[in-house]
Amino acid sequence: MILDPILQGGLPQGTSIALVGQPGSGKTCFSLQFALDTAKKGLDVLYLSTENTPSSLIQQARSFGLPFPDQPGKLPIHFVDAYSWRIGMQNDPFAFNRINNPGNLNEVNLIMTDQAKILDPGSVVIIDSVSGLSLSAPDEQRIRTFVHSIAQRIINLKKILILVLEDQAHDPELITNLRSLVQGSIYTKVVDGPKGSLSWLLRMYSLIGVQHETKWHQVKIGKNGLFLQGGTSYE
């Protein structure tokens, strides 16, 4: 698992995490890697996509070296498509389910939690992203209510929840408030590296009740996908 260098034993069942970062800082790639790692352990992943079609997510993952199959049904990763309606696309071959009105956050909540109920404990639910949902439901109080409700429901189901947040898409006060509604936070960022290159960094900012590192770690791309570079941290 990609978080193994930071956490001893990974994320516990019944954990909610906010994944926060600026645009282009690797939040979706991390989410896809986490989904892939989970699926390889034989556990299901329910992945809500609000900013990309499932097919484009698969293409993006494969372009970064993540070994996603190029045909649906090969892994227990179930994509819920809340984006195709925006571009008038009828059916995506990788979509397990479809949401045509993501502005109705109560409906999104019910669809995701009802489908999560049939998954084994320890399975993962990913909302990529809450910021994408806010485009259809811009009221901040509705977003707060949605995050609080779905986090409590997924925790009670003994699943792991990852909520992706676009750092620059929201007021800093709202980001802080949303982080307070979950049990932990992961941050991503991109910084200038040597010889004009860019370095992708990730840190576990907080996680209630679990011992973890808080330093920045560099994310690398290997033959089996993404991994955190061992022994190298950035303050």
Only one residue in Leu32, Leu36 is of a type in the set (A, V, I, L, M), surrounded by 19 or more Cβ atoms within 10 Å (Cβ to Cβ), touching a residue at least 60 places away in the same chain (Cβ under 8 Å) and not in a strand (DSSP E or B), so which one is that?
Leu36
At least 3 residues that are more than 25 Å from Ile221 (Cβ to Cβ) in each: list the strands (runs of 3 or more DSSP E) lying fully within segment 40-112 that qualify.
77-81, 95-98
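Within segment 142-152, is even one residue in contact (Cβ under 8 Å) with a residue 60 or more places away in the chain and either closer than 19 Å to Ile17 by Cα or assigned to a loop (DSSP other than H, G, I, E, B) (or both)?
In the first step, residues of segment 142-152 are kept if they are in contact (Cβ under 8 Å) with a residue 60 or more places away in the chain; the result is 151.
After this cut, where a residue has to be either closer than 19 Å to Ile17 by Cα or assigned to a loop (DSSP other than H, G, I, E, B) (or both) as well, the list is 151.
Looking through segment 142-152, at least one residue is in contact (Cβ under 8 Å) with a residue 60 or more places away in the chain and either closer than 19 Å to Ile17 by Cα or assigned to a loop (DSSP other than H, G, I, E, B) (or both).
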Among the residues of segment 184-208, how many are touching a residue at least 40 places away in the same chain (Cβ under 8 Å) and of a type in the set (Gly, Ala, Ser)?
2
Residue set Leu19, Leu11; condition in a loop (DSSP other than H, G, I, E, B), in contact (Cβ under 8 Å) with a residue 24 or more places away in the chain, within 15 Å of Ser185 (Cα to Cα) and within 16 Å of the chain's Cα centre (by Cα); output residue Leu11
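For segment 96-123, enumerate the residues that are among the aliphatic types (A, V, I, L, M), crowded, with 16+ Cβ neighbours inside 10 Å and closer than 13 Å to Ile150 by Cα.
Taking segment 96-123 as the starting set, the residues that turn out to be among the aliphatic types (A, V, I, L, M) are 99, 105, 108, 110-112, 116, 118-119.
Going one step further and asking which of them are crowded, with 16+ Cβ neighbours inside 10 Å, we end up with 99, 105, 108, 111-112, 116, 119.
Within segment 96-123, Leu105, Val108, Ile111, Met112, Ala116 meet the criteria.
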Taking the options Leu163, Leu181, name whichever one is in a strand (DSSP E or B), closer than 27 Å to Arg144 by Cα and in contact (Cβ under 8 Å) with a residue 24 or more places away in the chain.
Leu163
Pick from segment 53-74, criterion in contact with a strand residue (DSSP E or B) (Cβ under 8 Å, 6 or more places away or on another chain) and at pLDDT 95 or above, ranking: surrounded by the most Cβ atoms within 10 Å (Cβ to Cβ):
Leu57
Can you tell me which residues in segment 66-101 are more than 18 Å from the chain's Cα centre (by Cα) and farther than 18 Å from Leu135 by Cβ?
Pro69, Asp70, Gln71, Pro72, Gly73, Lys74, Gln90, Asn91, Asp92, Pro93
For segment 52-106, name all the residues that are of a type in the set (D, E, K, R) and more than 27 Å from Pro138 (Cβ to Cβ).
Arg62, Asp70, Lys74
For Ser134, which of the numbered conditions (1) assigned to a helix (DSSP H, G or I); (2) of a type outside the set (Asp, Glu); (3) surrounded by 21 or more Cβ atoms within 10 Å (Cβ to Cβ); (4) at pLDDT 95 or above fails to hold?
(4)
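Select from segment 148-179 the residues that are of a type in the set (D, E, K, R) and in contact with a Phe, Trp or Tyr (Cβ under 9 Å, 6 or more places away or on another chain) and list them in ascending order.
Initial filter on segment 148-179 (of a type in the set (D, E, K, R)): 153, 158-159, 166-167, 171, 173, 179.
Result: Asp167, Arg179.
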Candidates Ile87, Ile77 - the one that is at pLDDT 95 or above and either acidic (Asp, Glu) or out of contact with any Cys (no Cβ under 7 Å at 6 or more places or on another chain) (or both)
Ile77
Hey, can you tell me all the residues within segment 193-209 that are at pLDDT below 90 and surrounded by 14 or more Cβ atoms within 10 Å (Cβ to Cβ)?
Ser199
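The values are calculated or read from the model by the stated rules, or taken from the named source; none is laboratory data. Here the structure is a predicted model, which is why all the values come from computation and not from measurement. Virtual Cβ from ideal backbone geometry, glycine too; neighbours counted across all protein chains shown.
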